[in-house]
Amino acid sequence: MPAALDSLSDQPRVRVFLATAVAEKRLSHAYLFVGAPGSGKHEAAEALAKCVVCPNGGDATCDECRRVAHRTHPDVRWLMPGSATGYLVAQIREVIDDVSLAPTRARTKVYVFERAELLRGTAANALLKTLEEPPASVMFILCARTVASMLPTIVSRCQQVPFRATSPRAALEAVMRSCATDEQEARIALAVAGTPTRATEFLQSTARRQVRRLVVGAIDALARDDSWDVLLAAREIVGAVSVPLADVKQAQEDALRETQDFLTAAALKQVEDANKRELTARERSGMMEALAAIESLLRDVLVRCEDVSESIVNEDAAAAVDRIAAGCTTAGPLRALDAVTRARGDLARNVSPQLTLEVMLLRIKEALACRPSFR
C-alpha cells in the first residue's frame, strides 16, 4: 500500500482500488471521481498524482511528492473553471497544447479538473478527442459532484470511482485519531475545513487557526465596531489568509528556477500562468475556510436564539455566541447566513476577497441588528 494513499483511510474501498491499480500497473488514462463535497475526491486526486509521478511509487516523503502536495510540481496541473458558469474553451485549448509536450520531471503528466461537472458545451467537446486518444504519458483525473449534467461521451471515456459520504461520527473519529485531539477541536476543524484530511491539516496549521480566531473576534466585535473598524478587520483577515501563500510562492519560484533552462518560452509562460492560478485558487480556498468559520459561528448563534437543546460547535467561543444571540432574534442570524452565501457567490465570480469580506461583514452587522456607531 503506497504511503501516499494513507490519506484515504476514510474511503477504504477507493484506497484499495487505487492501490491495486498502482501495484498491478493497470492505471487508466482517465478517472472520474464522483462524490459529494467533503467526500475526499481532491485528496484522492492528490494521492494518485503522487503515486504516478513519484519514482518510489508514492512514498509521500520524496521531493516529487512534496511538490505535488504543495501544488508546485510542473507535471501535475490543477484546473478550476475559468468563469462562474464553467470551463472556458481557451482553458481547454491550453491543456490540449500542453498535452503534446513531454513531462518535465516525471514520466507521466497529470491533469486534475476540479468541479468537472462544469465542463460543458464547447469546452467539453474540445477536450473529448484528447480524452479519447491521449498520449501514453498523460493521465486525466476529473472530480465532480455528479455526472448528471456532464456530457455522456466524457463520462464514458473515464473510469468512474464513486466516493461515499463519510458519517459525522466517523469523520470526528478520523480527525481525533490523526491529531490526537479532543472532540471539541475536531468538530471545529471539520466545520471549517470540511473533510477529515483537511481538518487534520487545519489543526496542524497555526496560520489557518489564526484566521479562524480573527473571524470569530471580528463577528463578536460587530456590535461595538463602526464601519472603519469593520474594514480594518476585513483587511486583517485577508492578510492572515495570505500568510501561508508565501511558502507556496517560494516553492513555485524554486521549482521554476530548476526547470526554466529546459523549457521553451511558451512552456515557461504556461507554467507561470499555472502558478498564478494556483496562488489564486489557494487564496480562494483560504477565504472559503474563513467563510465556513463565520457560518459555523452564526449557526451556533441560531441554535442559541431558537433555544435548541443541542450543543454548539464553537464551544471555545461560547461567550461570543451568547453575546451575539442576546442582541438579536432568530431572523438576525438567518439574514447573516444569507450574507455568507452571497459572499461565496461573489468569490466564485472572482470578486476581490477584500471587497467581498468588507461587504459581507457590513451586511452581517446590519442583519444582527447591531446599531451603527460613529467616531
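Brief remarks follow.
- Selection within segment 129-162 - open to solvent by 80 Å² or more (accessible area, probe 1.4 Å) and not in a loop (DSSP other than H, G, I, E, B): Lys129, Glu132, Pro152, Ser156, Gln160, Pro162
- Odd one out for Arg257 among (1) out of contact with any Lys or Arg (no Cβ under 7 Å at 6 or more places or on another chain); (2) open to solvent by less than 60 Å² (accessible area, probe 1.4 Å); (3) assigned to a helix (DSSP H, G or I): (2)
- Pairing each residue of segment 1-28 that is more than 16 Å from Lys50 (Cα to Cα) and of a type outside the set (Phe, Trp, Tyr) with any residue that is assigned to a loop (DSSP other than H, G, I, E, B) and open to solvent by 70 Å² or more (accessible area, probe 1.4 Å), provided the two are 6+ apart or on different chains, yields C-beta distances under 8 Å for Gln11/Arg164; Arg13/Arg164.
- Residue in segment 350-369 that is over 20 Å from Val215 (Cα atoms) and surrounded by fewer than 18 Cβ atoms within 10 Å (Cβ to Cβ) present: yes
- Residue that is surrounded by 24 or more Cβ atoms within 10 Å (Cβ to Cβ) and in contact (Cβ under 8 Å) with a residue 24 or more places away in the chain, where the choices are Pro103, Pro37, Pro81, Pro74: Pro74
- Within segment 177-207, considering residues that are over 20 Å from the mean Cα position of the chain (by Cα) and assigned to a loop (DSSP other than H, G, I, E, B), the one farthest from Ile237 (Cα to Cα): Ala180
- With respect to (1) open to solvent by less than 20 Å² (accessible area, probe 1.4 Å); (2) closer than 30 Å to Pro168 by Cβ; (3) modelled with pLDDT of 80 or more, the lone exception for Ser285 is condition (1).
- Helices (runs of 4 or more DSSP H) wholly inside segment 283-370 that include at least 2 residues being within 30 Å of Asp247 (Cβ to Cβ): 331-348, 353-367
- Residue check for Asp300: open to solvent by less than 50 Å² (accessible area, probe 1.4 Å), touching a helix residue (DSSP H, G or I) at 6+ places or on another chain (Cβ under 8 Å) and of a type in the set (D, E, K, R): yes
Residues are listed down the side, and each one gets a yes or a no for (1) within 22 Å of Val175 (Cα to Cα); (2) among the aliphatic types (A, V, I, L, M); (3) surrounded by fewer than 20 Cβ atoms within 10 Å (Cβ to Cβ); (4) touching a Phe, Trp or Tyr at 6+ places or on another chain (Cβ under 7 Å):
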{"residue": "Asp6", "(1), (2), (3), (4)": "yes, no, yes, no"}
{"residue": "Thr20", "(1), (2), (3), (4)": "no, no, yes, no"}
{"residue": "Leu27", "(1), (2), (3), (4)": "no, yes, yes, no"}
{"residue": "Leu32", "(1), (2), (3), (4)": "no, yes, no, no"}
{"residue": "Glu43", "(1), (2), (3), (4)": "yes, no, no, no"}
{"residue": "Glu46", "(1), (2), (3), (4)": "yes, no, no, no"}
{"residue": "Ala49", "(1), (2), (3), (4)": "no, yes, no, no"}
{"residue": "Val52", "(1), (2), (3), (4)": "no, yes, no, no"}
{"residue": "Asn56", "(1), (2), (3), (4)": "no, no, yes, no"}
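The values are calculated or read from the model by the stated rules, or taken from the named source; none is laboratory data. Because the structure is a prediction, the values reported are computed rather than measured. Neighbour counts are summed over all protein chains in view; Cβ atoms, including those assigned to glycine, are modelled from backbone coordinates with ideal geometry. Heads up: the accessible areas ignore ligands, DNA and RNA and are worked out on the full protein's heavy atoms, side chains in. Shrake-Rupley method; radii C 1.70, N 1.55, O 1.52, S 1.80 Å.
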